[in-house]
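Visitor: Here it is, the structure in full.
A short reminder: the numbers here are calculations on the coordinates, not readings from a lab. Since the model is a prediction, treat every value here as computed from it, not as a measurement. We place every Cβ from the backbone using ideal geometry, glycine too, and count neighbours over all the protein chains shown.
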Amino acid sequence: MAAVNEQKQDGEPTPDSELEPGDERPVPPTTDWDSALSEALAAVEGRRRDNDVVPASDPVQVPALDYTMAEQVQLRAEVEELRAALQRSQQALARSQAETAQQSTQVATLRRILQRTETDLPQQAARRLIEGLLPAMDHLESLTTFLLSGEELSPQSRQAVEMLDSEWRRALTRLQVEPIEAVGLPFDANLHQMIAQQHVEGQPTGVVLRQVHRGYLMQGKLIRSAAVVVQAAKPTAN
């Protein structure tokens, strides 16, 4: 019977009916698939501890484990390379955005300068024109004042001179040029240029007695000061 059992062990498992009393059925070796799968997953995910080694007697072998770990190392290297490339791209984007912002600021500054230039050019041209005409305007004003103060003019000639005086004053108004009032007002260094002092009885000190030539403002800005004679303080007796 022992021989029969030995023969059965070499082939198929021995049925229970053929076992002798007291004999035990041999237990086939078992495989711990859960542990093996956990070990493989831990190794692939990089969470395996140094002291967590698969025993050499473990009958379960994972031939793809080394390849998976090598592949993971390669993937990690690729991920790090991509991360570095992403960081470089983000830095390049930040520099590009900074340069774009700087260029936008420069463009806005140039646009303001251009707008200011476009506004100032006509004013500067008109200012140069008026400054060139000031001597002629002084002569014209002196002539009209002289003619209107005399009695030699006929009514028709006086009317013509008055019309001429009104016309050039209206022309100055259209150019936003206004004369500076001076005579009878206190001296103002911002508007007046004192060329002489004189004492006249009955006039307060510092008042403008007369003007040699008229001053002008253009759009509220001084283009020429009024040249004036100012009342001096009463001289003291020696």
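Visitor: Order these peptides, 82-95, 118-131, by their mean beta-carbon neighbour count within 10 angstrom, highest first.
Guide: In descending order of packing, they fall as 118-131, 82-95.
Visitor: On to the next question. Sort Asp188, Asp165 so that the residue with the fewest other Cβ atoms within 10 Å of its own Cβ comes first and the one with the most comes last.
Guide: By the 10 Å Cβ count, ascending: Asp188, Asp165.
Visitor: State to the nearest 20 debye the size of the charge dipole of the stretch 179-238 about its Cα centre, where the only charges are +1 on K and R beta carbons and -1 on D and E beta carbons.
Guide: Value, rounded to 20: 160 debye.
Visitor: Determine the shape class of the stretch 179-238: with a ≥ b ≥ c the square roots of the Cα gyration tensor eigenvalues, call it rounded for a/c under 1.5, and otherwise prolate if a/b is greater than b/c, oblate otherwise.
Guide: It comes out prolate by the Cα gyration axes.
Visitor: In the stretch 165-209, what GluC sites (Glu not before Pro) fall in a loop by DSSP, with at most 10 other Cβ atoms inside 10 Å?
Guide: In loop regions of the stretch 165-209 (DSSP not H, G, I, E or B), the sparsely surrounded GluC sites (Glu not before Pro) are Glu201.
Visitor: Moving on to the next point. Residue by residue, what Karplus-based ³J(HN,Hα) values in Hz, rounded to whole numbers, does the stretch 192-200 have, using 6.51, -1.76 and 1.60 with θ = phi - 60° and x for Gly and Pro?
Guide: 3J(HN,Hα) across the stretch 192-200, in whole Hz: 10, 10, 7, 9, 6, 10, 8, 9, 10.
Visitor: Let me ask something else. Add +1 for every Lys or Arg and -1 for every Asp or Glu among the other residues with Cβ under 12 Å from the Cβ of Ala126, and state the total.
Guide: Combined, the nearby Lys, Arg, Asp and Glu give +2.
Visitor: Sticking with this one: Please list, ordered by chain and number, the residues whose modelled amide H lies under 5 Å from the amide H of Arg224; skip anything fewer than 5 residues away on the same chain.
Guide: Counting only residues 5 or more places away or on other chains, the set is Tyr216.
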